[in-house]
1. Criterion first (surrounded by 24 or more Cβ atoms within 10 Å (Cβ to Cβ) and either in contact with a Pro (Cβ under 9 Å, 6 or more places away or on another chain) or at pLDDT below 90 (or both)) does B:Lys64 satisfy it?
2. Any residue at all in the range B:80-93 that's assigned to a helix (DSSP H, G or I), facing chain A (nearest Cβ under 9 Å) and of a type in the set (D, E, K, R)?
3. Since B:Glu458 meets every condition but one in (1) more than 21 Å from B:Ala522 (Cα to Cα); (2) away from every other protein chain (no Cβ under 14 Å); (3) of a type in the set (Asp, Glu), which condition does it not meet?
4. Please find, within the range A:393-409, the residue that is surrounded by the most Cβ atoms within 10 Å (Cβ to Cβ) out of those that are within 11 Å of chain B (Cβ to nearest Cβ) and under 27 Å from A:Leu325 (Cβ atoms).
5. Return the only residue of A:Arg536, A:Arg451 being at pLDDT 95 or above and under 25 Å from the mean Cα position of the chain (by Cα).
6. Out of all the residues in the range B:55-79, which are within 12 Å of chain A (Cβ to nearest Cβ) and among the aliphatic types (A, V, I, L, M)?
7. State all residues of the range A:22-67 that are among the β-branched types (Val, Ile, Thr) and either in contact (Cβ under 8 Å) with a residue 60 or more places away in the chain or in contact with a Gly (Cβ under 6 Å, 6 or more places away or on another chain) (or both); if no residue qualifies, say none.
8. Run A:Gly435 past the list (1) closer than 21 Å to A:Val550 by Cβ; (2) more than 14 Å from every other protein chain (Cβ to nearest Cβ) and report the number of the one that doesn't hold.
2 protein chains.
Amino acid sequence: MSKDNKNENKELRITADPLSKFHMNEEQLRLELVKAQYALRETRQQGQATGLLVLVNGMEYSGKGAAVTQLRQWVDPRLLNVEATIGTVPSKYEPIWQAHVAKLPRHGNITAYFGNWYADLIEGALLLMKQEKSKDKEGEFEAWEVYLRHQLNLLAEFEMDLMNNHTKLLKCWFHIDEDTLKHRIKDDKDDPEWLYHMDWQDKKKVKRFNKIAKVILSQQQDWIILDGSEPQEITENKSKKEYKDQGYSEEANLQFCHEVLHATQSALLSSQQNDSKHPLVSEITRNINAAFSWADIPDKLTDIDDPDMGKTNYQKALAKKQNRLAELLRARADYKGKEGEGEPTNHHVIFAFEGMDAAGKGGAIKRLVAPLDPREYQIYNISAPNRMEQQHPYLWRFWRRLPEFSPTLKEERLSRIAIFDRTWYGRVLVERVEGFASEAAWQRAYEEINRMERDLAEKGTIIIKYWLAIDKQEQLERFEERKETPHKQFKLTEDDWRNRDKWHEYVQAAADMLARTNTKQARWHVVATNDKRTARLAVLDHAIAQLEKVIKI
Amino acid sequence: MSKDNKNENKELRITADPLSKFHMNEEQLRLELVKAQYALRETRQQGQATGLLVLVNGMEYSGKGAAVTQLRQWVDPRLLNVEATIGTVPSKYEPIWQAHVAKLPRHGNITAYFGNWYADLIEGALLLMKQEKSKDKEGEFEAWEVYLRHQLNLLAEFEMDLMNNHTKLLKCWFHIDEDTLKHRIKDDKDDPEWLYHMDWQDKKKVKRFNKIAKVILSQQQDWIILDGSEPQEITENKSKKEYKDQGYSEEANLQFCHEVLHATQSALLSSQQNDSKHPLVSEITRNINAAFSWADIPDKLTDIDDPDMGKTNYQKALAKKQNRLAELLRARADYKGKEGEGEPTNHHVIFAFEGMDAAGKGGAIKRLVAPLDPREYQIYNISAPNRMEQQHPYLWRFWRRLPEFSPTLKEERLSRIAIFDRTWYGRVLVERVEGFASEAAWQRAYEEINRMERDLAEKGTIIIKYWLAIDKQEQLERFEERKETPHKQFKLTEDDWRNRDKWHEYVQAAADMLARTNTKQARWHVVATNDKRTARLAVLDHAIAQLEKVIKI
């Protein structure tokens, strides 16, 4: 989140909460919390539904658990989800956020999320730090810090995209001073948080952790820091035990509950605003809004080649290309690598198919997977989002379908080829043309999609995108054929005819999409599909070429 | 599934499919498949929505993949899910089906599921077989076979419960003879299924696999066996390569598609039948139906003690019991065990709370978790199922929330205490009283629930169930208090008043529930809650006593 956003945010809070937190007693706070919860839930019925994600991070022994317990006791617990992950070294093959997207709050809900992507990030940085020590490397930015700062940038953008898509964030960092930490560690076993402390007695680890925390908190301005340190009089006037039984620092607990209240109220305010006037809309979007210029329509979208390929030649070529493709696809997951060629390769592969109705997406996919076993790939046929999906950021349903390396099965190579028959580009195609997404939303989406693809490509995922181009006359003929072939009738719906009436809008949307999302990490390939056979071979050729860039066999 | 069921099943097929499969050409088959798919999807709108789960198991190299590929090409691929798991040794801590429930088809859908629970079962049996060899043990039933037969019984019951809850099963076992296996193994690398063959060259493994398969197929009568063996003339008239390029045995593929068609049509028929007249209703249910006798209402449900416990005594006792409970709960997951005491203990714990509105479930849970960190447990507040949940067997939403040991993090002890504020017993309480479930459905549910709890208990899960008993006058007073305390008003809804009018029906339902589900693996404990303090202590006492039975510290 940029600094500008943060300031806007603060103003919002002042508007949303005229009562200063010091003027609210416990009864009032509880009532306001419950009221805000219910109002947030109500946004599902009216206004733009909005969720709140509370990230709970920081030092152990700092009272994180006590603060969330306090919150749970004061709100309606049915409307508060509590989720937790322990930090694990981030996967080599997926963006750091991917393992966590399943836990994002549904719009209208509040989720308090311990650990989350920051715990993974910290684990990753700790690991690098340890490796470095043994190398005794010197330099201005050591490797762990380069890694950390880069990932923080990516995560900040991911979080911005959440905010812009109706998932408000509250980031709480719990901190304690060294004296308090020492006090609390002494009596480890009785501590309610003992499970998570394992090696906090290790002073070196604490030092490393604090180094990382400093980088996080200085690079990201949007953390609320909650100080759970023991006031000096504690050790004088009260027994330590008694203090702990209260759940450590009551003040930190109270402040946490206040912050959640403010964030909920702020989420509420933003939910009542029209999307295009959303106060949290990022700089980037505003720039786009100011002057969205339509792309010229390239010839290849409208002037479709129509060669006529003979069946015999086609079948020979097809078999040959299919075998080559299967060979490359299987090599992507060859853990052993080729002898003497260094690092083993291991890449997820995503195929994305877009195109007008009846352009032949299904047929092209059928030929693509023919040489593979159905257990080697997963095909996703994308249609309208269901209700649960509508109540999350629009990319959420795709995030959850991204190929994932399973850490449980070393040998598992399943579901790591994902084929999308229609994709996240629906946002800038059908949702744009049919008005399901606001102007601000679909115009912002180009960058959001580019960021998602960038994060995937950075982890080695090979993204192969096709626009299957057909002309209007050819589409008509295919519609007619579907109408007349009994077992193909299911392929033709009212929607298809309706979409056909908006032919030109769709072509314009496709042109804009090609112009704005043809990034170097995920190029578009436009395939003329008036002749099905030529098209299918072209699809295979392009896939082979893309894979050969990465997989050298 | 009992033998009776199987016979009924066969009759259904004959009714559903007057055309013998030998009289249907490819065009007709494709059309019928698509029509059946759409009709099944339509059951979501009318009749009782029904799903179809196609289990795809058997020998590798047997053409399983080719058969599913064929099916996918002939149906509307958007309405067919293909899922796959590789067999892994079943978890020590959860029933064998638990890892797979997420993939069960939504009602109206068809899912082809490779691997599934049978792959895990086979892995488990293979492992035992290997261990035994080294022991050179002799006996009529060796350990692997005892294990296998027992698990097959449990799975057959699980599958019966699926069938009775609108998830139709089709179990396909692909088989090939030894000659064919030998032929196909020779040319391993080009094979579309090569990824899954790893060690099928190992003759011993094949022998072991076949031993296991024999037990499975002889104990369970409901497998359709598809023979993918090569006909003798293949090796004479056609090149092997050519044969393989067709996807092995066309006949097996065709038969598979026909079986799917028949199963879909049979699912359709059953979806049009009234639940109580469902032809697949099990023997057990029919017996219950014949004579469901109401239980006597025990005094403890209506004659509620009302002591008045002083606050000071309460708080002292509370703190002491909470500490003991936390100690026990933490020991459940102590992997190292106590020195010299043998096997380390490791148990999931489930707390199930039921009771009239305002009986104090929330308050009791609050005290139960107070000494724990929120990362140590998960609370589920159960209300009406959402649409997706309604389109699955009614226990599905609970199956998905069962505590699960994470294989990725050896140290992870998260979310393994699950606390349910209202539970699966809703089926025989609110769903019975309000008529949301048919008579047959809720009467069948007692046994279904007992089976689920039995499967969990068998894996060491400690299940602690409470009925919080309050009297009608006390409830009224609590309703009034809620009405008058601003931050408690959210706790009181229209439903609460409506339920109150049906007080006696709920008491009867509770009595029947206690009589029928108070099994030795999961006892009910009735707590009088007119005095909240006494009740909270009683809840803790019972939890402590239950845990102490298992955890000896």
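1. yes
2. Checking the range B:80-93: not a single residue is assigned to a helix (DSSP H, G or I), facing chain A (nearest Cβ under 9 Å) and of a type in the set (D, E, K, R).
3. (1)
4. For the range A:393-409, the residue satisfying everything is A:Ser406.
5. A:Arg451 is the lone residue from the list that is at pLDDT 95 or above and under 25 Å from the mean Cα position of the chain (by Cα).
6. B:Val56, B:Ala66, B:Ala67, B:Val68, B:Leu71, B:Val75, B:Leu79, listed by residue number.
7. Answer for the range A:22-67, where residues must be among the β-branched types (Val, Ile, Thr) and either in contact (Cβ under 8 Å) with a residue 60 or more places away in the chain or in contact with a Gly (Cβ under 6 Å, 6 or more places away or on another chain) (or both): A:Thr43, A:Thr50, A:Val54, A:Val56.
8. (1)
The values are calculated or read from the model by the stated rules, or taken from the named source; none is laboratory data. Just so we're clear, the structure is a prediction, and the values are computed from it rather than from any experiment. We place every Cβ from the backbone using ideal geometry, glycine too, and count neighbours over all the protein chains shown.
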